[in-house]
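Chemist: Handing you a structure now.
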Amino acid sequence: MDKIELKEQTGFFNTKNGDIFGHLILDGSKTTLKLRHDKFFHIDEEELLLGELHDLTKVTLVKCLGNSGSYFQNQKKSYLCNLFPHYVLLGDQHIDVGKESITELSFVIEHIDSIFYDTN
C-alpha cells in the first residue's frame, strides 16, 4: 500500500463473541474502533483483534483497551464497545505479531519541511 487515505471506514472484526460490526476511525493517538452488536458482548483488553473493512483491507489491531456500554432506541437494545488500539496495521493480509513477518516498513510524513528545515 502506498499513502493511506483512510480516515474512517466500517467493517467486521473477529472477537471472542464472533464477528462484530465496527467503525474504525484513524486519528493518531485518538484512533478508535467503535463496535456495535444487538447481543451482549464485553471487551476490556484485547492483545490482538483482526478485521476486514468493507473495501476488503485487512486490519490488525494490537494492544486494545476498551470500555463497553448499551443504549435503547425505539425499544431495541444495542451494545457498544469503544476500543483504543496501540497499533493499527492495514494491508492485504493480517499480521501475526508473534512472528517476524515484516520485511519492509514505509511511511509518509506530511509537511516534512517543518521537521527538516533546509535553506538550500
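Chemist: Counting other C-beta atoms within 10 Å, which of Lys39, Lys58 has the fewest, and how do the rest follow?
Modeler: Listed from fewest to most nearby Cβ atoms, that is Lys39, Lys58.
Chemist: Compare Leu105, Leu83, Leu65 in a GNM of the chain, Cα atoms joined below 10 Å, and give the one with the largest fluctuation.
Modeler: So, out of Leu105, Leu83, Leu65, the one fluctuating most is Leu105.
Chemist: Here are several values of Kirkwood radius over Cα pairs in Å: (1) 15.9; (2) 16.4; (3) 19.4. Which one was derived from the coordinates shown?
Modeler: Checking each listed value against the structure points to (1).
Chemist: What whole-number distance in Å separates the alpha-carbon centres of the stretch 100-114 and the stretch 1-60?
Modeler: So the separation of the two Cα centres works out to 22 Å.
Chemist: Would you list Ile95, Ile102 from fewest to most Cβ contacts within 10 Å?
Modeler: So the residues, fewest neighbours to most, are Ile102, Ile95.
Chemist: Picking from Thr103, Thr60, Thr31, which is most flexible by a Gaussian network model of the chain using Cα springs under 10 Å?
Modeler: So, out of Thr103, Thr60, Thr31, the one fluctuating most is Thr103.
Chemist: Shifting gears a bit: Rank Leu26, Asn14, His86 by how far each Cα sits towards the positive end of the charge dipole of the chain (+1 on Lys, Arg Cβ; -1 on Asp, Glu Cβ) and give me just the farthest.
Modeler: Asn14
Chemist: Here is a follow-up. Label-point separation (nm) for Gln73 and His86, each offset 7 Å from Cα along Cα-to-Cβ?
Modeler: According to this spin-label approximation, the distance is 3.3 nm.
Chemist: Same structure, new question: Quick one: dipole size for the stretch 8-114, taken about the Cα centre, charges +1 on Lys/Arg Cβ and -1 on Asp/Glu Cβ, in debye to the nearest 20. Show your work: numbers first, answer last.
Modeler: Values: 10 positive and 16 negative charges, 142 e Å.
Using only the charged Cβ atoms, the result is roughly 680 debye.
The numbers here are math on the coordinates, done by the rules we state, and not lab data. Source: prediction; values computed, not measured. Cβ atoms come from the backbone with ideal geometry, glycine included; neighbour counts cover every protein chain shown.
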